[in-house]
Amino acid sequence: MRTVPPYTVLAGIYDYVMRHVPYEAWAVYVATVVERYMPEARRLLEFGCGTGSLAFSLEALGYEVWGADSSEAMLRVACKKADLRGSAIRWIEADVRGPVEQVADRNLDVVLMLHDGLNYLLDPAELEGAIRNMARLVRPGGLVIFDISTPENSRRNLHDFEEEVETADFRYRRRNDFDPQTRLHRTIFEVYLEGSWWREEHRERAYSQQEIDTILSRIPELEHLATWEEFTYRRPRRDAERLLYVMRRWGG
Ligand SMILES: C[S@@+](CC[C@H](N)C(=O)[O-])C[C@H]1O[C@@H](n2cnc3c(N)ncnc32)[C@H](O)[C@@H]1O
């Protein structure tokens, strides 16, 4: 079995693996949040856009959308889907920690990263750098919105989780484990596709609300507007599984 980097072979089956995710409802939630704090917002960049499912739903709600991801294979799937739909989204291969020249002069109203993208940053210093970078990319007065999966989510839903799936076109096995000490969460995908077995090892770090708040307190260029349990407008309970952060770059 050949080991490849995360989101290489998985790109080919990702939409199947995520078939339960209600992206349209997520987009409505994002739009409601944006409407609340910046009703005039139109231009939005989604980091970690993957195969584009959320980005398409945001475009359908009227936003001008850029989709950025560090995985070329995921973006290739997104591009194919965009051709079929006649979508105008511009796709950019880019890391959330680095510059994105393609949008340097675009006056983005919103920069967004949802669905665990930031959990792939294993070191809090890297996460801080990524949030600072998102703040640099959005225009003064614009919004930075991201979510975080917490240790509670890993402990409750993902620890020791295993599944094995077979369809007419592929097979895959998925195994998760979580170390509460290091907060590292590992997912192994073994995928049988086009006559071969492939293996990907995904490593994520769960972050608590306190850790994120500490990081945000070191980024004075962002005003902290809200932290909610994701998909609600509720302050997070102690056992919240996913947190949504809404920040505004000062100025504008
Ligand atoms: C769980 S997937 C979510 C994809 C998509 N947002 C969705 O909801 O279907 C995480 C995505 O984040 C991307 N990603 C991980 N680390 C990244 C980084 N440092 N910069 C940009 N994208 C990253 C991965 O390539 C992957 O497409």
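Before moving on, here are some points about what is shown:
- Ser217 paired with Glu164, simple spin-label distance in nm, labels 7 Å along Cα-to-beta-carbon: 4.9
- Charged neighbours of Trp250, selected by a Cβ distance under 14 Å, balance to +3 (K, R count +1; D, E count -1).
- Taking only alpha carbon atoms, the stretch 153-204 gives an Rg to Rh ratio of 1.07, where Rh is the Kirkwood radius.
- Relative to the longest principal axis of the Cα atoms of the chain, the long axis of helix 72-85 lies at roughly 80 degrees.
- Ordering His224, His185, His115, His202 by the number of other Cβ atoms within 10 Å of each residue's own Cβ, fewest first, gives His224, His202, His115, His185.
- Loop-located GluC sites (Glu not before Pro) in the stretch 1-98, at most 16 other Cβ atoms within 10 Å (DSSP): Glu40
- Over every Cα atom in the stretch 1-145, the radius of gyration and the widest Cα-Cα span, Dmax, amount to 14.8, 51 Å.
- Summed residue charge, Cβ within 15 Å of Tyr172's Cβ, Lys/Arg positive, Asp/Glu negative: -3
- Counting every other Cβ atom within 10 Å of each residue's Cβ, Asp239, Asp105 order from fewest to most as Asp105, Asp239.
- Sites Arg90 and Glu194 - FRET efficiency at Förster radius 30 Å, r taken between beta-carbons, to 0.05: 0.55
- Each pair of Cα atoms in the chain enters the Kirkwood radius, and Stokes-Einstein at 37 °C and 0.692 mPa s then converts it into a translational diffusion coefficient of 176 µm²/s.
- When each of Leu54, Leu61, Leu158 is scored by the number of other beta-carbon atoms lying within 10 Å, the sequence from fewest to most is Leu61, Leu158, Leu54.
- For the pair Arg237 and Ala25, label points projected 7 Å from Cα toward Cβ lie 1.8 nm apart.
- Mean-position separation - Cα centroids, the stretch 57-115 and the stretch 193-244, in angstrom: 20
- Cα centroid separation, the stretch 132-176 to the stretch 17-42 (Å): 16
A short reminder: the numbers here are calculations on the coordinates, not readings from a lab. What you see is a predicted model; the values in this text were computed from it and never measured. No Cβ is skipped: glycine too gets one built from the backbone with ideal geometry, and neighbour counts run over all protein chains shown.
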